[in-house]
Every structure is written in C-alpha cells, then in structure tokens.
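Remarks on the structure that follows.
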C-alpha cells in the first residue's frame with residue numbers, strides 16, 4: 001500500500017484532485033449510508049443541496065490529495081501551492097513564548113494547513129506537534145505515522161501520554177493544530193449544541209488553553225481552482241474560549257459556534273458525510289441532554 005501511495009504522489013496534484021472528484025461521486029452513488037448521513041447533516045444545518053453539493057467533489061478531492069500530501073518529496077513545499085493570510089498575531093504569540101492552538105475543522109484541506117504552519121514557523125519555533133488517533137490495524141497506524149512525518153511536523157497519540165506531551169509543548173511556547181469537530185472518546189467531551197443538534201464535543205482544546213494561556217486561532221485551508229490553496233487564520237481571543245471561569249459546556253458551545261460560522265462561509269468544502277452526532281462508545285444513550293434548538297451559526 002505504501003508503495004502505491006508513493007507512486008501516486010508523483011502524479012500532478014491537479015490530476016489527483018480530478019480523479020478524486022470521480023471517486024467522490026462514485027461513493028455518493030453507491031453508498032446509501034454516506035448519502036443519507038450527508039443529507040441529514042445539511043438539513044440539520046439549515047442548508048440546501050444546491051449550497052452543499054460541491055462538498056461531494058471536495059470529499060473526493062480530499063482522498064485524491066492524500067498520496068501527494070503524505071508522500072511528496074521534501075523539496076515540494078506547501079508554500080509553493082498555497083497563499084497564506086496575515087499570521088503576524090501568531091508570530092507575536094510565539095515570539096513571546098505563548099503557546100498557540102489552531103482550531104482547524106474538517107473544512108478544506110486541513111492536512112496542508114498543518115504542513116504550511118510547520119514550514120512558516122518551524123525554522124524559528126520548532127515543530128508543530130499535533131494529536132492523532134491511532135488506527136486499530138497496525139499497518140494503517142504505521143502508514144499514518146510514517147507518511148505524515150515532514151520537516152517541522154510531528155504527532156503524538158490521543159492518549160494520556162500524548163496529551164501530557166502536548167501540554168508541555170504548549171507551556172514551553174509551542175504550537176499545535178486540533179480538529180474541534182471530531183467526536184472525542186468517552187470522558188473527553190461534553191454535550192453542546194452544533195447546528196441545532198446536541199453533539200458530543202471535545203473539552204481538550206479549551207482545557208489546554210485554560211491551563212497554558214495559549215492563543216486560540218481559527219484556521220482553514222481553502223481549495224482554489226488550478227490545484228491551489230489559500231490558508232486563512234483568525235484570532236479568536238475575543239471569544240474567550242480559554243476563560244477559566246467558563247464551564248466545559250459553555251466553552252464547548254462557544255467553540256462550536258465559531259466552527260459553525262466558519263463552515264457557513266464555505267459549506268461546499270465541509271466534510272458533511274462525517275457522523276458528527278454519533279454516540280461515543282460505552283456512553284449511555286440517555287446521557288444526551290436536550291437543549292433548545294439553535295439557529296445555524298448562533
């Protein structure tokens with residue numbers, strides 16, 4: 001499998017994206033489960049098929065990009081393919097030895113965004129350290145770990161050892177990127193509203209900010225025509241997600257609202273097929289609280 005991925009990584013990224021689009025629509029046609037989940041999610045968000053159908057192609061592009069993202073040569077830098085918004089506020093935080101947490105949802109090409117941050121800040125501030133969830137199969141886990149390794153980018157597992165390592169990294173003034181809309185394991189989240197539904201939402205990100213005083217940044221890497229990208233980063237300090245006086249539920253709700261607002265800017269690049277409202281394993285079904293429905297983005 002690794003050999004196949006390495007061969008595919010030599011193909012032009014534009015070609016791989018085009019092939020990915022085909023794959024995305026094939027999966028849409030043949031997988032009723034994926035199709036139904038996609039439609040359930042956009043309905044909950046108050047969006048139409050017309051506003052979101054491009055996300056089918058985007059999901060396929062994500063698959064097509066993986067060999068290039070993971071196995072391209074070290075001489076092919078993310079910055080050659082992507083423009084970047086103003087990141088002076090991130091530079092300022094890192095120069096002051098203040099940690100930085102980039103909140104990066106399943107929107108656009110999040111893998112490229114992490115690589116770009118490593119390229120921009122790595123030479124001066126060291127590695128971007130990110131969490132990853134170990135795969136159940138050993139060969140898949142080895143593939144994920146080895147293939148994702150690039151200059152100034154490293155990973156730690158989503159267990160107690162990995163979280164402690166990330167906490168030390170942030171306290172020393174390092175930086176990380178976290179997927180805030182990924183369903184956390186039992187015991188690592190709280191129920192909070194997200195697009196009108198109550199979803200199990202991670203508490204790790206606000207807790208890290210509360211314990212380290214790290215700057216929280218919202219980031220995503222937009223796909224543009226011609227196999228190009230534009231990475232956007234926004235300072236979320238005003239939202240107070242890392243405020244120690246907030247309850248976990250309050251912090252999770254504010255975080256979800258920020259993610260909602262971002263998704264609504266580019267709904268055709270979000271991973272709508274992801275089962276965001278799934279119940280974590282071993283968590284009693286009756287533990288899901290009932291919140292009043294909220295309007296999308298509020």
Next on the checklist: I'd like to check something: does the range 251-270 contain any residue that is more than 28 Å from residue 111 (Cβ to Cβ), modelled with pLDDT of 95 or more, touching a strand residue (DSSP E or B) at 6+ places or on another chain (Cβ under 8 Å) and assigned to a helix (DSSP H, G or I)?
Outcome noted: no
Item to check | Residues satisfying the stated conditions in the range 222-241, i.e. outside any strand (DSSP E or B), touching a strand residue (DSSP E or B) at 6+ places or on another chain (Cβ under 6 Å) and closer than 30 Å to residue 61 by Cα | outcome: 236
Item to check | First in the range 1-16 and closer than 17 Å to residue 144 by Cα, second anywhere and at pLDDT 85 or above and assigned to a loop (DSSP other than H, G, I, E, B), Cβ under 7 Å, 6 or more apart | outcome: 9/72
Checklist entry - Would you call residue 90 touching a residue at least 12 places away in the same chain (Cβ under 8 Å) and buried (at least 19 other Cβ atoms within 10 Å of the Cβ)? => result yes
Checklist outcome for this item: Residue hits (the range 161-200; in contact (Cβ under 8 Å) with a residue 40 or more places away in the chain and at positive phi) are 173, 195, 196
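Have a look at 3, 50 and point out the one that is more than 21 Å from the chain's Cα centre (by Cα), at negative phi and at pLDDT below 95.
Working: 50 fails: at pLDDT below 95.
After ruling out the rest, the residue left standing is 3.
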Next on the checklist: Of everything in the range 229-249, what is under 18 Å from residue 14 (Cα atoms) and over 19 Å from the mean Cα position of the chain (by Cα)? Give them in sequence order.
Outcome noted: none
Item to check | Conditions (1) over 30 Å from residue 81 (Cβ atoms); (2) out of contact with any strand residue (DSSP E or B) (no Cβ under 8 Å at 6 or more places or on another chain); (3) modelled with pLDDT of 95 or more: number failed by residue 201 | outcome: (2)
Next on the checklist: For the range 42-69, which positions are out of contact with any helix residue (DSSP H, G or I) (no Cβ under 9 Å at 6 or more places or on another chain) and part of a helix (DSSP H, G or I)?
Outcome noted: 43, 44, 50
Checklist outcome for this item: The residue that is surrounded by the fewest Cβ atoms within 10 Å (Cβ to Cβ), considering only those in the range 231-252 that are in contact with a helix residue (DSSP H, G or I) (Cβ under 6 Å, 6 or more places away or on another chain) and more than 21 Å from residue 86 (Cα to Cα), is 244
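I'm trying to understand the selection: among the residues of the range 126-137, which are closer than 18 Å to residue 74 by Cα and in a strand (DSSP E or B)? So that I can check it myself, show each step before the final result.
The initial filter retains those residues of the range 126-137 that are closer than 18 Å to residue 74 by Cα, namely 126-128.
Result: 128, single match.
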Checklist entry - Does residue 259 satisfy the condition of being out of contact with any helix residue (DSSP H, G or I) (no Cβ under 8 Å at 6 or more places or on another chain), closer than 30 Å to residue 13 by Cα and either without any contact (Cβ under 8 Å) to a residue 24 or more places away in the chain or buried (at least 21 other Cβ atoms within 10 Å of the Cβ) (or both)? => result yes
Checklist entry - Condition test on residue 224, is it modelled with pLDDT of 95 or more, more than 14 Å from the chain's Cα centre (by Cα) and crowded, with 21+ Cβ neighbours inside 10 Å? => result no
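Residue by residue, here is whether (1) surrounded by fewer than 20 Cβ atoms within 10 Å (Cβ to Cβ); (2) at pLDDT 95 or above; (3) touching a strand residue (DSSP E or B) at 6+ places or on another chain (Cβ under 6 Å) holds:
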| position | (1), (2), (3) |
| --- | --- |
| 8 | yes, no, no |
| 31 | yes, yes, no |
| 56 | no, yes, no |
| 61 | no, yes, no |
| 67 | no, no, no |
| 99 | no, yes, no |
| 103 | no, yes, yes |
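The values are calculated or read from the model by the stated rules, or taken from the named source; none is laboratory data. Since the model is a prediction, treat every value here as computed from it, not as a measurement. Reconstructed Cβ throughout: ideal geometry from the backbone, glycine too, with neighbour counts over all protein chains shown.
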